[in-house]
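The values are calculated or read from the model by the stated rules, or taken from the named source; none is laboratory data. Model, not experiment: these values are computed from the prediction. No Cβ is skipped: glycine too gets one built from the backbone with ideal geometry, and neighbour counts run over all protein chains shown.
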Amino acid sequence: MKGAASLSGAISSFASCLADLIFPLACASCAGHASKKDYPVCAECRGRINYIRSLEAFNDIACSDIRGFFSIGPYEGVLKDLTAAFKYHKKTALAGFFAGELASRFDSFFPLAPLSGFDVFIPVPLHENKLRERGFNQAELLACKLSELCGSGVCCDAVMRKKETRVQNKLHYKERFENLAGAFEINLKKLYEIRLKNVIIVDDIITTGATVKSMAQLLKRHGALNVFAISIARTDIRNGQKAKIFKNSFK
Ligand SMILES: [Zn+2]
């Protein structure tokens, strides 16, 4: 029986290799071959992700409305390529990869507030014009995958974007907050998703935290109990230290 089991294992592994040859799977970062197991990110690129290992990386975006921040890693290298592929090149299969990375690492940083303990994931909404242009909301795809993985709820229309804002990454620190003034609105029909709930805001990239802070303020004002924020990447930080570019840009 043992021989039969190992033969069947060998056949299955051969079939998997054959499938990889016939239907090559491209890595979303380097475009090289990714095995079926690793797809959409090859093993080499996974190994090159610079994971955030300290919550000091978020010290400079302290906010009384948000109990904690978390991201996979700094917005650089492989993670930057993957975020761009996800957002601008419609590699939506990456939503599952990012959700898996976040879910598997979040709990070790916040053991008292595990990801599965949150009531609802709320993605940062896009304005309807932007949504039409891009065809999907990347934060929404990520929030849905996180919900699937953790078993917590997801509500994509609890917060709406009523104002078409300028692209945040073109603005200076102070302008980012001014740009977002009055940008978000609570959907009063979905108040039951917010009141007395532990909410986690989902975004693609956190820089100054202006977007998530603005949303958190609104959520708290409408009765949310605790608010956390997570994103794929965090800009301008490196291993817990502010990078040079951050110091230069926001002196
Ligand atoms: Zn790769």
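A few notes on this one:
- Where helices (runs of 4 or more DSSP H) fall entirely within the range 29-144, those with at least 2 residues that are of a type in the set (G, A, S) and either more than 16 Å from the ligand (Cβ to nearest atom) or under 29 Å from I186 (Cβ atoms) (or both) are at 94-109.
- Criterion violated by Y75 - all others in (1) within 24 Å of H222 (Cβ to Cβ); (2) at pLDDT below 95; (3) touching a strand residue (DSSP E or B) at 6+ places or on another chain (Cβ under 6 Å) satisfied: (1)
- Residues that are touching a strand residue (DSSP E or B) at 6+ places or on another chain (Cβ under 6 Å) and surrounded by 22 or more Cβ atoms within 10 Å (Cβ to Cβ), drawn from the range 103-141: F106, F118, F121, I122, P123, V124, P125, Q138, A139
- Flag for S16 being exposed (fewer than 12 other Cβ atoms within 10 Å of the Cβ), more than 16 Å from the ligand (Cβ to nearest atom) and modelled with pLDDT under 90: no
- Residues of the range 53-92 that are buried (at least 18 other Cβ atoms within 10 Å of the Cβ) and polar (S, T, N, Q): S71, T83.
- Of all residues in the range 145-173, those satisfying the criterion of being in a helix (DSSP H, G or I) and within 18 Å of I205 (Cβ to Cβ) are K145, L146, Q168, N169, K170, Y173.
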